[in-house]
1. Looking at the structure I just gave you, is E198 closer than 22 Å to E262 by Cα and either surrounded by 17 or more Cβ atoms within 10 Å (Cβ to Cβ) or modelled with pLDDT of 95 or more (or both)?
2. Residue check: is T5 within 23 Å of S181 (Cα to Cα), modelled with pLDDT of 95 or more and open to solvent by less than 60 Å² (accessible area, probe 1.4 Å)?
3. Any residue in segment 118-141 that is closer than 15 Å to A226 by Cα sitting within a Cβ distance under 8 Å of a residue that is among the aromatic types (F, W, Y)? List the pairs, counting only those 6 or more apart or interchain.
4. Of everything in segment 17-31, what is more than 10 Å from the ligand (Cβ to nearest atom), surrounded by fewer than 21 Cβ atoms within 10 Å (Cβ to Cβ) and of a type outside the set (K, R)? Give them in sequence order.
5. For segment 105-136, how many residues are open to solvent by 10 Å² or more (accessible area, probe 1.4 Å), among the aliphatic types (A, V, I, L, M) and within 11 Å of the ligand (Cβ to nearest atom)?
6. In the set A226, A208, A193, A164, which member is open to solvent by less than 40 Å² (accessible area, probe 1.4 Å) and of a type outside the set (V, I, T)?
7. Which residue pairs have Cβ atoms closer than 8 Å, lie 6 or more positions apart in sequence or on different chains, and pair a first residue in segment 155-174 that is outside any helix (DSSP H, G or I) with a second residue that is hydroxyl-bearing (S, T, Y)?
8. Looking at this structure, is K146 of a type in the set (D, E, K, R), closer than 24 Å to S37 by Cα and in contact with a strand residue (DSSP E or B) (Cβ under 9 Å, 6 or more places away or on another chain)?
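The values are calculated or read from the model by the stated rules, or taken from the named source; none is laboratory data. Owing to the predicted nature of the structure, the values given are computational and were not obtained by experimental measurement. Positions of Cβ are generated from backbone atoms using ideal geometry, with glycine treated the same way; all protein chains shown enter the neighbour counts. Surface accessibility is based on the protein's heavy atoms, side chains included, excluding ligands, DNA and RNA. Shrake-Rupley method; radii C 1.70, N 1.55, O 1.52, S 1.80 Å.
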Amino acid sequence: MNGSTSFYSTEEEFRQYLMRASYYTILQKSLVSLVPSDSKVILDLGTGTGSTAMRVARKCRQGIVHATDIRQEILQLAEDIAKREDIPNIHFAQADMDRLGEYLQASKLQPDLMTALYSFHHVADPLENKQRVVNEMYAGLKKGGKVIIAGLYVELDPKDPGYAAAIEQQYLMRCEEAYISVFWAVLREMLDAGKSLEDTLNRASQVAEYSKTSELNAMRGAISRAKAEVPEYLVTRQQMRQIFENAGFRILLFKPINDIGEAVLLAGK
Ligand SMILES: C[S@@+](CC[C@H](N)C(=O)[O-])C[C@H]1O[C@@H](n2cnc3c(N)ncnc32)[C@H](O)[C@@H]1O
């Protein structure tokens with residue numbers, strides 16, 4: 001497992017850590033539960049290994065999910081998983097969220113649902129750039145359509161005094177949550193599978209430690225933003241609400257799912 005970047009690049013890496021972290025699983029469940037099952041054209045942005053997009057595809061049997069990511073190699077992996085899991089109504093395509101309008105025009109897609117789990121924060125600073133992308137979302141969405149963005153939020157703007165200290169405090173809590181939730185998830189799985197207690201404890205500690213390191217890397221991305229190897233352009237919930245309202249969306253729901261920063265936004269056109 002390579003802890004140097006917050007972009008996982010193998011299925012194993014994703015399964016070892018992210019899929020077992022309490023905040024990822026709850027966020028994903030919350031997003032999927034908000035998906036209208038009669039959605040026809042669904043666009044998933046920053047799909048990664050496609051875990052969320054595939055769950056959405058299973059829920060929307062009459063629809064087709066267009067699962068997009070900027071990285072071709074992760075799309076290949078996601079496509080292999082979808083084939084192996086026999087999910088026919090999902091299609092993978094390379095697309096840069098930062099150029100959403102262009103992608104929608106070129107692909108002639110008019111989605112009735114757009115989803116993004118832990119990916120919208122990759123749209124770069126400044127805030128005006130995120131505003132432009134959300135305006136393009138609104139323009140490209142079918143009338144009556146919905147957008148569900150599930151992700152992480154911070155308390156302060158980077159220009160506010162105390163931003164770095166606030167991020168550090170938030171990520172210390174995230175590191176603890178990552179360690180504890182992943183440790184216990186691995187422990188349960190291995191003991192259930194009949195592994196020895198010694199092997200289980202060693203493995204659970206190793207994966208939990210890796211999870212903590214990944215959160216620490218993400219913290220650096222959130223503090224240094226454009227200067228980081230993998231920037232995390234996190235915004236506050238107030239900024240996100242404002243951007244969506246400015247674009248013309250109705251905010252139908254915008255609720256935290258825990259006290260370490262995750263929240264789900266459901267907006268309608
Ligand atoms: C944490 S992962 C997303 C997890 C995924 N949505 C899921 O449900 O498991 C973030 C993804 O966003 C992608 N990404 C980063 N910048 C992007 C961009 N500008 N456009 C599209 N995808 C991007 C990364 O390649 C990465 O796969």
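1. In short, no.
2. Details: within 23 Å of S181 (Cα to Cα): yes; modelled with pLDDT of 95 or more: no; open to solvent by less than 60 Å² (accessible area, probe 1.4 Å): yes.
Answer is no for this residue.
3. Correct list of pairs: H121/Y233; H122/Y233; V123/Y233; A124/Y233; D125/Y233; K130/F120; K130/Y233.
4. Within segment 17-31, S22, Y23, T25, I26, S30 qualify.
5. 2
6. Every option except A208 fails the conditions.
7. What qualifies is E155/T236; L156/Y163; L156/T236; D157/Y163; D157/T236.
8. For K146, the condition - of a type in the set (D, E, K, R), closer than 24 Å to S37 by Cα and in contact with a strand residue (DSSP E or B) (Cβ under 9 Å, 6 or more places away or on another chain) - is met.
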